[in-house]
1. Considering only residues that are in contact with a Phe, Trp or Tyr (Cβ under 7 Å, 6 or more places away or on another chain) and farther than 23 Å from Leu61 by Cα, look in the range 199-246 and name the one that is surrounded by the fewest Cβ atoms within 10 Å (Cβ to Cβ).
2. Suppose we filter the range 184-200 for residues that are in contact with a helix residue (DSSP H, G or I) (Cβ under 8 Å, 6 or more places away or on another chain) and either under 18 Å from Ile74 (Cβ atoms) or of a type in the set (S, T, N, Q) (or both); how many remain?
3. For the range 128-149, check the following and say yes or no: at least one residue is surrounded by 11 or more Cβ atoms within 10 Å (Cβ to Cβ), in contact (Cβ under 8 Å) with a residue 60 or more places away in the chain and outside any helix (DSSP H, G or I).
4. Go over the candidates Leu41, Leu68, Leu76, Leu21 one by one and state the one that is more than 30 Å from Gly133 (Cα to Cα), in contact (Cβ under 8 Å) with a residue 60 or more places away in the chain and either β-branched (Val, Ile, Thr) or part of a helix (DSSP H, G or I) (or both).
5. Show the residue pairs meeting these rules: Cβ distance below 6 Å; 6+ apart or different chains; first residue within the range 162-178 and under 13 Å from Asp234 (Cβ atoms); second residue modelled with pLDDT of 80 or more and assigned to a helix (DSSP H, G or I).
Amino acid sequence: MKRRLQAILLGAVSLHLLWVLLAWLIDNSALPYPWAVYQHLPSLLTGEMLAHLGLSALRVLLGILYSLLIAIPIALLLFSSHRIGHILETLIYLSYPIPKLALLPIVMLLFGLGESTKVIMIVLIILFQLVIGLRDSLRQIPRDKLALMSSLGANYWQCLRHVYLPAILPDSLSALRIALGTAISVLFVTETYGSTLGMGGYIVEAWMRVNYLDMYGGIMMLGLMGFSLFLIIDALEWLICPWTRH
């Protein structure tokens, strides 16, 4: 834990030093010094800013939850049924390389500009990485472990609880970490279309008003939201996957 805190502190200090250096080199109001943003930040932490931040966080959390609820059954189906697995894998391999932002116009046409579009785009980002990662985790389960469970008379649900879920939980959390940054980026883009609620709309509105302190404050809060989600995933792994602790 101490090493982790030291690494976080070192990363934060390095980022701020780079920010100060760039602000000094550019010497333009479009890139204020970090302390100017920090001085302005308390005035932003009002009900309006917190509402934008809370809504963006809720959209990401819903996207993660729905992705897990969809990905785990699909991965188990890929692992347990070879015939269905081959069909699903073909569909996944054909659709996975498509840039998910390219699907945004289609999703907006089908589901409108409401909350469902934003959550669906996050699910599309996270789902494929989760399915592929979980499928590979299941395939790495030793055959002798499955044979042992079968010889002990374990049914499917007992295998799911004692073998399958412990095998896929760490990799599912790792896949979430990898996909989270992209999901927040896509959320930012979707929140700028037909919506004034959410951090994406807030940041773009501040940019259009040439209010750079508001803009950088929003960017900072969005980054802190993503960082907090990473810490939550780490805490979940520590709680539900004790065998992975170092």
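1. Arg245
2. Qualifying residue count for the region: 4.
3. no
4. Values: Leu68 fails: more than 30 Å from Gly133 (Cα to Cα); Leu76 fails: more than 30 Å from Gly133 (Cα to Cα); Leu21 fails: in contact (Cβ under 8 Å) with a residue 60 or more places away in the chain.
Among Leu41, Leu68, Leu76, Leu21, only Leu41 is more than 30 Å from Gly133 (Cα to Cα), in contact (Cβ under 8 Å) with a residue 60 or more places away in the chain and either β-branched (Val, Ile, Thr) or part of a helix (DSSP H, G or I) (or both).
5. Leu173/Ile233; Leu173/Glu237; Leu176/Ile233; Arg177/Ile233
The values are calculated or read from the model by the stated rules, or taken from the named source; none is laboratory data. It should be emphasised that the depicted structure is a prediction, and the values quoted were computed from it without experimental measurement. Using ideal geometry, Cβ is built from the backbone for each residue, glycine included, and neighbour counts are taken over all protein chains shown.
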